[in-house]
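Asks: First, the structure itself, so that you have it in front of you.
The values are calculated or read from the model by the stated rules, or taken from the named source; none is laboratory data. None of the values given here were measured: they were computed from a predicted structure. Virtual Cβ from ideal backbone geometry, glycine too; neighbours counted across all protein chains shown. Please note that ligands, DNA and RNA were not included when accessible areas were found on the heavy atoms of the full protein model with its side chains. Shrake-Rupley method; radii C 1.70, N 1.55, O 1.52, S 1.80 Å.
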Amino acid sequence: MGLAAGLDRAELQTLRAEAWEGQPEAARLRAEQVRILFQQQPVVVATNVAVAALLGLVIAAEGDRLWVAAWLLGIMIVSAARFVLWRRSWRADPTPDDIEIWARISVGGAAAAAALWGAGLALLFPDELLLQMVTILAAAGMCAGAAAALSSYRPAFYSFLFPVLLPIGARLALEGTTAHLVMAAMVLAYAAALTLVARNLSRAFARSQRLQLEKDALLRSRDRLLSSLEQRVEERTAALQSSNAQLTVEIAERRRAEEAERRARGEAERANAAKSKFLATASHDLRQPFQAMRLFHHILQSRLTDNPTREIATRLGEAMQAGEELLNALLDISTLEAGTVEPRLADFPIQPMLTRLAQEFEAQAAAKGLDFRMVPSMAVVRSDSVLLERMVRNLLNNALRYTPRGGILLGCRRASDRMTLSVVDTGIGIPAEKQQAVFEDFFQIGNPERDRSQGLGLGLPIVARMARLLDHPISVRSVPGRGSAFSISVPFVHASAAAPAPSLQPTIEVPPSACTILVIEDDREQRIGMQMMLEGWGYRVIAAGSPEKALIAVRSAPRQPALVISDFRMPSRLTGVETIALIAQIVGRRIPGIILTGDTGPDRLREAKQSGCVLLHKPFAPERLREEVRRAVGETAQRAREQAL
């Protein structure tokens, strides 16, 4: 029976492969779009249920709980049906008929879920303005996430976008007030913007896949040509010894094969370049709306005074955080799987990286009541500084999340010609039989209910992928109930002759009212949100929409800025780093800068870090920005005092 079953499976795979023979390029391209969309169905369904549950709790605070429960039940029934259909239909090698079924399931499932979202939110639309804004933000966040997950196949995205947003826009318009009419117009404008974003992402993906199909065809042609050539060389070995003319023919054929190989290599490089551009665009553009929501949420929360509404705002923040973490993790994994990350190895001292990470995680550890220690090191190692820092940051995030009490230690020690960089915690620990499973996608210890506060189960898999890319072995030692130690083995170069790295020194506390901050951001919503937030903290703010306007503002301002906060990439010939350097020339002194970026490309991150500016990745937490602003203006005041003395 086993042999027969094996033959049946082999024959089935052969039949499925033959089903694609002779299919036009457009059909293959559409099949790849549908396959990628259908592969993401479990994540999409899980996100639907999680966000609906959080939003239902918010709406139930005011509305009829029975209707809210009925709406949530409908969401769960549709989600369960979508998952069951996905489970029954999924296979690794689909036929054209399978693709058609997947397309109908994906579009129909998205439309059904969207109809429940749109109709439910319109019918359960709360009366209180704050809850209305929470409902609109939740729907907008779901649609932004759908742009990332469904844009590879636009019919599925459109079947979700319009049924969600149009009923809400109609309900706002029916309210009749000027404010509600404006909000209805904003919802429609947001839907139009997401439509354009999805169209651009879909086109970029289609171009990338088309190049990939062309590359595959060229490679198959090359393989067939080389196979034919090798066979003929074997058959005519004896004749070649006496026939120079035949040898010339064979050499010419080999040259043609090499030329075909060169063309195939060129096509492969162009396909990889298209993938890199697509992922960079997706990373940058999808982070922008999340950052704007994060800023306005912080402002909203700071202005609320009563506990019930603050609780609603807190839950909204948790839902936004879950969406941000999912987006960041999926983009990181997609970038690494696409092979578009090229490591740039160099020798560098390890201490500056340790200092940055300590500054970033000390406050977070203290907020949880944990002790955080960093052991300084004078070592110089060989690695890619940007990718290595990402790996250690993920390990620290993991330690912080799974350490309820005790502390976290960051340090390194030499072992022969290697340097072992370790993150040690006193957390819950990992059983021995699961210490390798933690590096698998979506695997988590002690989280069967998939509580989003404990992460997504993607941080350590990303570390493992980067470790393979850099050839940095990673190991784990753990005792359940006592803690874990994750270690990265990095090539050791030598010990620095410089003095030990200084410990973190307290800076002068400068009153916010005494500081002027220049904000440079081309995105209007983010610029307004940033200005409102900084002014709410007590700072004076000069806001500019481009580097050129910022330079004009600095020359005409009555007070020189104490700090510049700038986006990295803007529609200008100048980057944020270059603009800060020009401002320093205008004011005649070094001026601290904070660079905000939605880019994840290692080359761009290196450029920002080499400038000496603080680098924050969008979407960032406002509390992190506040701490960096306080530290930057304090260090500036400290240097001014030292120079005066």
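Asks: Residues that are acidic (Asp, Glu) and either touching a Ser or Thr at 6+ places or on another chain (Cβ under 8 Å) or open to solvent by 50 Å² or more (accessible area, probe 1.4 Å) (or both), at least 1 per element: which helices (runs of 4 or more DSSP H) completely within region 81-185 meet that?
Replies: Working: elements: 96-123, 129-150, 154-175.
The qualifying helices (runs of 4 or more DSSP H) are 96-123, 154-175.
Asks: Considering LEU188, LEU194, which residue is modelled with pLDDT of 75 or more, open to solvent by 60 Å² or more (accessible area, probe 1.4 Å), assigned to a helix (DSSP H, G or I) and not basic (Lys, Arg)? Don't jump to the end; show me each part of the working.
Replies: Working: LEU194 fails: open to solvent by 60 Å² or more (accessible area, probe 1.4 Å).
Step by step, each of LEU188, LEU194 is checked, and only LEU188 is modelled with pLDDT of 75 or more, open to solvent by 60 Å² or more (accessible area, probe 1.4 Å), assigned to a helix (DSSP H, G or I) and not basic (Lys, Arg).
Asks: Can you run down the residue pairs with Cβ atoms below 7 Å, 6 or more apart or on separate chains, where the first is in region 221-242 and at pLDDT 70 or above and the partner is of a type in the set (S, T, N, Q) and surrounded by 11 or more Cβ atoms within 10 Å (Cβ to Cβ)?
Replies: ARG236/GLN246
Asks: For region 52-80, enumerate the residues that are crowded, with 16+ Cβ neighbours inside 10 Å and not in a helix (DSSP H, G or I).
Replies: ALA61, GLU62, GLY63, listed by residue number.
Asks: I would also like to ask the following. Out of all the residues in region 612-628, is one or more in a helix (DSSP H, G or I), modelled with pLDDT of 80 or more and aliphatic (A, V, I, L, M)?
Replies: yes
Asks: May I ask you to list pairs of residues, at least six apart or on different chains, whose Cβ atoms are under 8 Å apart, with the first in region 144-157 being β-branched (Val, Ile, Thr) and the second being surrounded by fewer than 24 Cβ atoms within 10 Å (Cβ to Cβ) and not in a helix (DSSP H, G or I)?
Replies: Matching pairs, first to second residue: none at all.
Asks: Considering each residue of region 509-542, count those that are over 17 Å from PHE568 (Cβ atoms), of a type outside the set (Val, Ile, Thr) and over 27 Å from the mean Cα position of the chain (by Cα), and give that number.
Replies: Of the residues in region 509-542, 12 are over 17 Å from PHE568 (Cβ atoms), of a type outside the set (Val, Ile, Thr) and over 27 Å from the mean Cα position of the chain (by Cα).
Asks: While we're looking at this one, here's another question. Strands (runs of 3 or more DSSP E) wholly in region 356-425 with at least 2 residues that are touching a residue at least 40 places away in the same chain (Cβ under 8 Å) and surrounded by 16 or more Cβ atoms within 10 Å (Cβ to Cβ) - which ones? Write out each step before concluding.
Replies: Numbers: elements: 371-374, 379-383, 407-415, 418-425.
Where strands (runs of 3 or more DSSP E) fall fully within region 356-425 and carry at least 2 residues being touching a residue at least 40 places away in the same chain (Cβ under 8 Å) and surrounded by 16 or more Cβ atoms within 10 Å (Cβ to Cβ), they are 379-383, 407-415, 418-425.
Asks: Kindly indicate whether LEU201 is hydrophobic (A, V, I, L, M, F, W, C), open to solvent by less than 60 Å² (accessible area, probe 1.4 Å) and either closer than 17 Å to ILE36 by Cβ or outside any helix (DSSP H, G or I) (or both).
Replies: Values: hydrophobic (A, V, I, L, M, F, W, C): yes; open to solvent by less than 60 Å² (accessible area, probe 1.4 Å): yes; either closer than 17 Å to ILE36 by Cβ or outside any helix (DSSP H, G or I) (or both): yes.
Considered against the rule, which asks whether it is hydrophobic (A, V, I, L, M, F, W, C), open to solvent by less than 60 Å² (accessible area, probe 1.4 Å) and either closer than 17 Å to ILE36 by Cβ or outside any helix (DSSP H, G or I) (or both), LEU201 comes out as yes.
Asks: Further question on the same structure: Since THR507 meets every condition but one in (1) over 22 Å from ARG393 (Cβ atoms); (2) touching an Asp or Glu at 6+ places or on another chain (Cβ under 6 Å); (3) modelled with pLDDT of 85 or more, which condition does it not meet?
Replies: (3)
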